[in-house]
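The values are calculated or read from the model by the stated rules, or taken from the named source; none is laboratory data. Keep in mind the model is a prediction, meaning the values are calculated, not measured. Backbone-built Cβ (ideal geometry, glycine too); neighbour counts: all protein chains shown. Side chains are part of the model used for accessible areas, which takes the heavy atoms of the whole protein and leaves out ligands, DNA and RNA. Shrake-Rupley method; radii C 1.70, N 1.55, O 1.52, S 1.80 Å.
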Amino acid sequence: MPPNPKIGSVINGRKGRYELVREITQGNMAWSLEARDLDHGNRKVFLKYYKSPTPTVDWYEGYVRYVEEINRRLEQSSAAQYCVLSTDLFTANPRPGMCRSEFLYQTYDFIESGYDLRGLLDRGDTSWEKRKTMAKVFLVAMKKIHASGVVHCDLKPENVQMLPDASVKVGLIPRMIDMDRSILSDVEAPWTRGEMKEGYTGTPGYLSPEHLRGEKPTTASDVFTIGIILGELLGNGHPFDRVRGDAAAYKDAVLAGRFTPVRLQGPLGESDEFAAEFARWIQLCLQPTAAARPTCEELHKALLQLDKGNPAPAPETTSLPPDMPPLPPEAIPTPEKKEPAGPRAIALKLEGDTGRLIQRFSMDFGSNILGAVSSQARFAEKEQFRLEYLPEAQEWYAVPVARVTKNLTALNGSPLTERTRLADGDVICMLGRSSGKTAMELRVSLIPQM
């Protein structure tokens, strides 16, 4: 296991020397850090310091070459402008003289401004015209990435950075992040072989049927997740929203092709009929069989044609269904089960000094997750507290863990000793048992989801 990063230390890379400024997040596979490139005007860089893989695994050297090849293909293609690519990949000793081993690092350009796609969706103030344009440029980005022979493997709104760019109509350009476990469509990933092999990367609630079946993801696997993202961006929400908080139920629904029918929020080409046709294209993306899904190229052409008021050609993979794809009766809303008017859910936002996190279902919180929003997450344990959501009541609750923790969880300055309902503006923090000092203040916001 690599030693924890030491803020202020300097790491010697291949293309520069990087002084660690602050820890941004700590994940299962890597620390994310802000650093200064001392050899290039102290420019700010984003540095990943890996817990996995380490040089001790039998596929490590193959992984380094594999990532270099992914970067080479993207850099030499028109996909480069749509990706946040590695600027330096190297192994280094994090504590010379104290540590005997070297570990893996990658640096990237530091993104100063803009939103990820999730942030734009959560704002709720994005016009229909802007959403359509964002969908078009997102599909351009993904078709170019696929044309370069790369499968992202871990698409989700949080991994689509929308950065200011005056050259495009919407004023924003998508740039994909977290591509260090992407794969080449024509070369097997090295971490799937050997004595210490691992599976493919993905995110619960966005996993493709191929991920769930333990198969190699393909460009069609990305298209499945693109269908989910288009459902959130253009349609009536995540098509698997009712089950995505339950891993087993999500897997069953995805492999059976059970999802909420997609309805676009506005017209295409000033026509509701063309909007309904593109909704069927999105639903083709969600089919359990990869061969039934369209390509990114076909999706992009269909969206452009329909928004110009022209019929779209049928995809080469399969014929468009005349209406909705076959769904079991329980997946289709009936008048008796119709959702009441008003918000259908409440999301919870936690905002700390280094970021914010949007939560839509119950989950345990500890230092790893909290590291995404607070520079003081180290004061929390791996399991510090739980946030619970009651969909029927549309209420969020903070719940202390059953065991004794080093530091108390506090709500609005008082120790959290029982399950307590949360309100907009509440503050969750750590409270020293003996010192009474507070740390890691997190402000709660409740966000209606329409």
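Please report the carbon-and-sulfur percent of the accessible area for the chain; probe 1.4 Å, protein heavy atoms only, DNA, RNA and ligands left out.
49 percent
Taking the Cα centre of the stretch 31-108 as origin, sum charge times position over the Cβ atoms of Lys and Arg (+1) and Asp and Glu (-1), and report the length of that vector in debye to the nearest 20.
In debye, rounded to 20, the stretch 31-108 gives about 220.
Classify the stretch 102-258 from the C-alpha gyration tensor, please: rounded if a/c falls under 1.5, else prolate or oblate depending on whether a/b exceeds b/c.
Cα axes put the stretch 102-258 in the oblate bin.
Find the accessible area per residue for the stretch 127-174; the probe is 1.4 Å, ligands and nucleic acids are left out, and the unit is Å². Please list the in-between numbers first.
Values: 1520 Å² over 48 residues.
Here the per-residue accessible area is 32 Å².
For the cross-link pairs K132/K301; K169/K308; K44/K144; K156/K349, which exceed 23 Å when the distance is taken from alpha carbon to alpha carbon?
Pairs exceeding the cut-off: K44/K144.
Which translational diffusion coefficient, to the nearest whole µm²/s, is obtained for the stretch 157-227 from the Stokes-Einstein equation, given a Kirkwood hydrodynamic radius over C-alpha pairs, 4 °C and 1.567 mPa s?
Rounded to a whole number, D works out at 92 µm²/s.
Within the stretch 1-42, which residues have the backbone N less than 20 Å from the label spot 7 Å out from R403 along Cα→beta-carbon, could you tell me?
28
Helix by helix through the chain, keep the DSSP H runs that span 27 Å or more along the axis on Cα and average at least -1.0 on Kyte-Doolittle, and give those back in order.
128-147
With the contact rule set at Cα under 8 Å and sequence spacing of 6 or more, what percent relative contact order holds for the chain?
10 percent
Expressed in nm to one decimal, what extension gain is obtained for the pair E441 and D165 from 0.36 nm per residue of sequence separation less their Cα-Cα distance?
Length gained between E441 and D165: 96.0 nm.
To the nearest Å, what is the center-to-center distance of the stretch 270-309 and the stretch 362-377, using C-alpha atoms only?
About 38 Å separates the Cα centre of the stretch 270-309 from the one of the stretch 362-377.
Consider a paramagnetic label point 7 Å from the Cα of T289 along Cα→Cβ; state which residues of the stretch 244-260 have an amide N under 13 Å from it.
257
Relative to the present Cα-Cα distance, how much length would full extension add between D186 and A248 at 0.36 nm per residue of separation?
19.3 nm
Using alpha-carbon positions, what is the distance between the centroids of the stretch 94-125 and the stretch 207-264, in Å?
The distance from the Cα centre of the stretch 94-125 to that of the stretch 207-264 comes to 27 Å.
Working out 0.36 nm times the residue gap between K197 and M98, then minus their Cα-Cα distance, what length gain in nm do you get to one decimal?
Answer, rounded to one decimal: 32.7 nm.
Give me the Å³ per residue figure for the convex hull around the C-alpha atoms of the stretch 72-150. Don't jump to the answer; show the numbers that get you there.
Details: hull volume 10.5 nm³, N = 79.
Given the Cα convex hull of the stretch 72-150, per-residue volume reads 134 Å³.
How large is Rg over Rh for the chain, taking Rg from the Cα atoms and Rh as the Kirkwood inverse mean of 1/r across Cα pairs?
Details: Rg = 22.9 Å, Rh = 23.6 Å.
Ratio of gyration radius to Kirkwood radius: 0.97.
Label-point separation (nm) for A393 and V427, each offset 7 Å from Cα along Cα-to-Cβ?
Calculated label separation equals 2.6 nm.
Could you state the accessible area per residue of the stretch 405-450 in Å², with a 1.4 Å probe and every protein chain left in place?
On the way: 2620 Å² over 46 residues.
That works out to 57 Å² per residue.
Per residue, how much accessible surface does the stretch 8-72 expose to a 1.4 Å probe? Answer in Å², no decimals.
Numbers: 2920 Å² over 65 residues.
That works out to 45 Å² for each residue.
Note down the nm distance, to one decimal, between modelled labels 7 Å out along Cα→Cβ at W128 and at K308.
Each label point is offset 7 Å from its Cα along the Cβ direction, giving 2.1 nm.
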